[in-house]
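First up is the structure itself, then whatever we jot down about it.
The values are calculated or read from the model by the stated rules, or taken from the named source; none is laboratory data. No experiment lies behind these values; they were computed from the predicted model shown. Cβ placement follows ideal geometry from the backbone for every residue including glycine, while neighbour counts extend to all protein chains displayed. Side chains are part of the model used for accessible areas, which takes the heavy atoms of the whole protein and leaves out ligands, DNA and RNA. Shrake-Rupley method; radii C 1.70, N 1.55, O 1.52, S 1.80 Å.
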Amino acid sequence: MKRFLITMLLLSVFMVVSCGRVDTGDTGDTGDTGDTGDAGNTGNTGDTGDTGNTGDTGNTGDTGNTGDTGSEDCFLEKIWMAPESGWDSWYNLRMIGEVVDYSDYEPAVIVEGKVKLAKRGINMDFSDGVYYKYQNQTILASAFEYDFLNINHRAGTAVVDYYDMMIYFDKQLVPTMIENGVSETGFAGTITYRRTYLDIKFNTASGQITDQYVRKNCWYAVSAVGEYEEAEQVYDDTPIGAMFGCFEDNIDVSTGEILKMMFKGELTEEYEDILKHVNRRPDGTIAQPEDEEYMGVCDCFEKDGETKVDCSVYDGPGGPEDGVCRPNPCKVDEECVPDASEDDGYKCVGDDIEEPDDAE
C-alpha cells in the first residue's frame, strides 16, 4: 500500500527541485490511509525551490567506453557500482523501469541504491524509485525512502520523514550513446540528496489526504565536480563518476520506454558547494541571501508551510539545526563562523575579512 500511496508525495517533492519557491501545491487524490499503521499518501508537498542549473555534464558525443549497448550480452553488473578509491562520500543506483512524465508515476521494477555520507555518518539503502521525463529534455532517476511518524487517526494528522536522491541528465545523452555504440560515460549525472519533513492531514473516514505542508527541507549532499577531458577538450565543473546503460529497448527515451541504467559518483557535503549548487541560476549566476529565490542548506517553515523561520529556533518536525551557522546565513563566497561579540552570534568571513579570534 505504501508504494501506491506515495505517488503524490513523489510528485510534490520533485516540485521542490524544479520550480523556485515554496508553494503548498496540489494535494491531488492520494488514496486511502489504510489501517492504523499507514497514514497513506502524503499528497503534493508543493514547491520548495530550485536546485539550480545542472551545469555542464560534458560532451555527449564519445563517452569513452565502447561497450555494446544493443546486444543480449549487456548486463547491469552490480560490481560496476563499487565506489572509486578516494571517494569518502558517494552514491550508486541500479534501476530498471518505465520512463513516465513527471506528472505521472510508475514504480521502477528494480531499484538498488545507496548513499554514504562520511560527515553525517549516513549509510542509506534505497529500494523504491522511478524514472521521470521532465519538460521533454531532462531524465530524472529518483530513488527515495520514507517513514510515517506521529500518526494520529483520531485527529487525521501525521508527519512524513522523506529522503530522496535525484539524478538528472540531458535526455539526448542516451540517443547519443546509442548512435556511438557505447554503454558507459566518463562523467556522472548531476545529483542532489536531501531530507524533507512534511505535515499531512487526512480525512479520518475516507483516508484521503486533505492537505500537506513542507516543514523542513535540508540538502545533505550534491555532486562533487571536477574537470573532464574528451577529444582534447576540457569541461569544468563536471560531476565526478560514471553512468552505464543497456539500451537495446531504447530509441530516444520517450515516455513508455524501459530504461536500464546504473549510476555512481562522488558526493560533497560542503556547505559552500551545496549553496552554490542549489542557488545556481540557468544563466550561471548564483542567487544570494537577499534574493527572493535564494535557498539555504536548510529551509524551515511555520505550520502553514509558507512562512520561513530561522532553522536554529525552529521547533517543528525534525527539530532545529545546531548552531548559528546552520544554515549558512552568509554569501556563497563567504564562510560563516561563530562570533559571540556580534549581535547575531556569527560573522561572515571572506578573503578580505580577518577571522575573529574566538571563532570555533
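Being touching a helix residue (DSSP H, G or I) at 6+ places or on another chain (Cβ under 9 Å) and either more than 17 Å from GLU257 (Cα to Cα) or not in a loop (DSSP other than H, G, I, E, B) (or both) is the filter here; which residues of region 80-104 pass it? So that I can check it myself, show each step before the final result.
Of the residues in region 80-104, the ones touching a helix residue (DSSP H, G or I) at 6+ places or on another chain (Cβ under 9 Å) are 92-94, 102-104.
Passing the criteria: ASN92, LEU93, ARG94.
Filter region 162-218 down to the residues that are of a type in the set (Phe, Trp, Tyr) and farther than 18 Å from VAL130 by Cα, then identify the one that is farthest from the chain's Cα centre (by Cα).
Step one: of region 162-218, the residues of a type in the set (Phe, Trp, Tyr) are 162-163, 168-169, 187, 193, 197, 202, 213.
Filter once more, so that each one left must be farther than 18 Å from VAL130 by Cα: 187, 197, 202, 213.
On the way: PHE187: 18, TYR197: 14, PHE202: 26, TYR213: 18 Å.
It comes out as PHE202.
Of all residues in region 240-250, which are under 10 Å from THR185 (Cβ atoms) and touching a Phe, Trp or Tyr at 6+ places or on another chain (Cβ under 9 Å)?
Residues satisfying the conditions are GLY241, ALA242, MET243, PHE244.
Collect the residues in region 194-210 that are within 17 Å of PHE144 (Cβ to Cβ) and assigned to a loop (DSSP other than H, G, I, E, B), keeping them in residue-number order.
Passing the criteria: none in range.
What do you reckon, is TYR235 part of a strand (DSSP E or B), of a type in the set (Ser, Thr, Tyr), surrounded by 24 or more Cβ atoms within 10 Å (Cβ to Cβ) and touching an Asp or Glu at 6+ places or on another chain (Cβ under 8 Å)?
Numbers: part of a strand (DSSP E or B): yes; of a type in the set (Ser, Thr, Tyr): yes; surrounded by 24 or more Cβ atoms within 10 Å (Cβ to Cβ): no; touching an Asp or Glu at 6+ places or on another chain (Cβ under 8 Å): yes.
Criteria not met by TYR235.
Anything in region 105-127 that is open to solvent by 30 Å² or more (accessible area, probe 1.4 Å) and closer than 16 Å to LEU259 by Cα? List them, or say none.
Matches in region 105-127: TYR105, GLU106, PRO107, VAL109, ILE110, GLU112.
Being open to solvent by less than 40 Å² (accessible area, probe 1.4 Å), out of contact with any helix residue (DSSP H, G or I) (no Cβ under 7 Å at 6 or more places or on another chain), at pLDDT 95 or above and within 15 Å of GLY318 (Cβ to Cβ), is that true of even one residue in region 184-197?
Yes: region 184-197 contains one or more residues that are open to solvent by less than 40 Å² (accessible area, probe 1.4 Å), out of contact with any helix residue (DSSP H, G or I) (no Cβ under 7 Å at 6 or more places or on another chain), at pLDDT 95 or above and within 15 Å of GLY318 (Cβ to Cβ).
Any idea which of ASP315, ASP291, ASP252 is free of Cβ contacts under 8 Å to residues at least 60 places away in the same chain, open to solvent by 50 Å² or more (accessible area, probe 1.4 Å) and either touching a Lys or Arg at 6+ places or on another chain (Cβ under 6 Å) or assigned to a loop (DSSP other than H, G, I, E, B) (or both)? Spell out how you get there, then give the answer.
Values: ASP291 fails: open to solvent by 50 Å² or more (accessible area, probe 1.4 Å); ASP252 fails: free of Cβ contacts under 8 Å to residues at least 60 places away in the same chain.
Answer to the selection: ASP315.
For ILE240, only one of the following conditions fails: (1) open to solvent by less than 20 Å² (accessible area, probe 1.4 Å); (2) at pLDDT 95 or above. What is its number?
Just one mismatch for ILE240, condition (1).
Search region 323-342 for residues being out of contact with any Gly (no Cβ under 7 Å at 6 or more places or on another chain) and at pLDDT below 65, and hand back the single one that is surrounded by the fewest Cβ atoms within 10 Å (Cβ to Cβ).
Top of the filtered list is ALA340.
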